[in-house]
1. In segment A:27-75, what GluC sites (Glu not before Pro) fall in a loop by DSSP, with at most 12 other Cβ atoms inside 10 Å?
2. Could you work out, for segment A:5-73, what percent of all Cα-Cα pairs fall into each 5 Å distance bin, beginning at 0 Å and stopping at the bin that holds the largest distance?
3. Order by neighbour count: B:Trp272, A:Trp42, fewest other Cβ atoms within 10 Å first, most last.
4. Can you give the extra length, in nm with one decimal, that the chain gains between B:Lys131 and B:Asp263 once fully stretched, where that is 0.36 nm per residue apart less the Cα-Cα distance?
5. Working from Cα positions, state the angle (0 to 90°, nearest 10) between the long axis of helix A:56-71 and the longest principal axis of chain A.
6. Could you line up B:Met212, B:Met344 from fewest to most neighbouring Cβ atoms inside 10 Å?
7. List B:Tyr167, B:Tyr355 from most exposed to least, where exposure is judged by having the fewest other Cβ atoms within 10 Å.
8. Select from A:Thr62, A:Ala17, A:Pro6 the residue farthest towards the positive end of the dipole of chain A; place +1 on Cβ of Lys and Arg, -1 on Cβ of Asp and Glu, and compute about the Cα centre.
Amino acid sequence: MCLGFPGQIVELEDIMATVDIAGTKREVSIMILPDEVVLGDWVMVHAGMAIAKMDPEEAQKTLQVLQEFADGLDD
Amino acid sequence: MASMIEGFRNAELCSKLVRQILKEATGSYRFMEVCGSHTMAIARFGIKSLLPENIELVSGPGCPVCVTPQCEIDALFEIAEKGAVIVTFGDMMRVPGSKGVSLQKMKSEGADVRIVFSPLDTIKIAAETDKEVVFVGIGFETTAPAVASLALTAKKAGIKNISITPYSKTMPEVLGLLLSDENLKINGFICPGHVTAVTGLSLYEPVVSAGMSAVVTGFEPVDILTSILEMVRQTNNGEFKAVNSYSRVVADEGNAKARSVIDEVYYKKGCWWRGIGYIEDSGLAFRDEYAEYDAFKKFDVSLQGDDEIEGCSCGEVLKGYIKPSSCSLFGTACTPESPVGPCMVSSEGACAALYKYS
Ligand code: SF4
């Protein structure tokens, strides 16, 4: 039950959202999500609840820093 | 985001990270992961085979199914025998009771057992029956808000035929116990990404004060290797800090809304961890206002019994003392098809993860 699934919001209604998790549509609750979300946002889903909004920019930044670091290594 | 995941699986980046780890790891290191999903990811991506011998990865008590005491599991079967509808995550289906039963077996013999994705699905199930409906409320901080939300929603709607097994546990206290364990020479923790999404980074202050590193990370190979490199560096420098390498999901301050839902429904109470023992304040019990949702109270179950399974070394495995393969039953008497101990039952258990991918 600890597995988290990243999903993209495809429908929003009040405290419920429909998210696309790797091609499967799931109804999830956004009741405990601290941030506002809009259609197209990515959320981390646990036990049917979105527990965090995901940040593609942060993901990009992390990868970029790592890539730069890796490029700077001598082979 | 989907293509982003590819980035965190990038083979070239992985091999560069591994090479750098090899270069910088001049001492000897022991790192522990305390999340079942990390245990699985490490096994699945073969991370251990990429690392030099002087870096040891050990699994800690990160699987909620594995640390739930046998008598509490038996209590669930007692409730099912009384005719309640049991609603559960799939992981619980094969967990054996001390008398050899399991939810799977009971279901095949006619018991009403439903597997759900979300605790909130219990609301719909309860509306369609007059029977008592019991949700198996297992998990750590990540799952506890969802389980608490079920109690909240049921109370608001005045639903009376729902109750929840009070299995929820919390991380800080068991981490504290590991820190004070002199047999366990750990240099750092690969911290559970999604637990931290709820608790925030402050959870690891005691780890850092105890002179160990704490890196919160995701579940892809690049994530895990990055965390190992960071921990090697911190150990080498002797300068420890909590680092959030999983900022794409985890906010440093965690999720206050999720914590307040937990606080509304539960209070912290001492509880038993299978193979580990009693830990003060490490469990979540229903507050008086929500006492009617406590399935153990509602069904007046007896919580008695012995947790010892002959020959099973789960206790040592859960505390990171030994590797699963050092248990004499591993892979012979104990396999995922016929598990002896809880660490082999749950797919997130250290024994099951090692068995599946070795
Ligand atoms: S291999 Fe089986 S018996 Fe041995 S510790 Fe793991 S679960 Fe217990």
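1. Working: sites: A:Glu27, A:Glu36, A:Glu57, A:Glu58, A:Glu68; in loops: A:Glu36.
Passing both the DSSP loop test and the Cβ count: A:Glu36.
2. 4, 18, 26, 18, 10, 8, 7, 5, 2, 0
3. On the way: B:Trp272 20, A:Trp42 24.
With the sparsest Cβ surroundings first, the list reads B:Trp272, A:Trp42.
4. Values: separation 132, 0.36 × 132 = 47.52 nm, distance 2.88 nm.
Stretched fully, the B:Lys131-B:Asp263 segment lengthens by 44.6 nm.
5. Taking Cα atoms only, the helix is inclined about 20 degrees.
6. On the way: B:Met212 23, B:Met344 30.
Ordered from fewest to most neighbouring Cβ atoms within 10 Å, B:Met212, B:Met344 come out as B:Met212, B:Met344.
7. Numbers: B:Tyr167 27, B:Tyr355 21.
So the residues, fewest neighbours to most, are B:Tyr355, B:Tyr167.
8. About the Cα centre, the residue reaching furthest to the positive side is A:Ala17.
Laboratory data are not the source of any read-out in this text; all were calculated from the coordinates shown. Note that this is a predicted model, so its numbers are computed, not measured. All Cβ positions, even for glycine, are placed from backbone atoms using ideal geometry, and neighbour counts span all protein chains on display.
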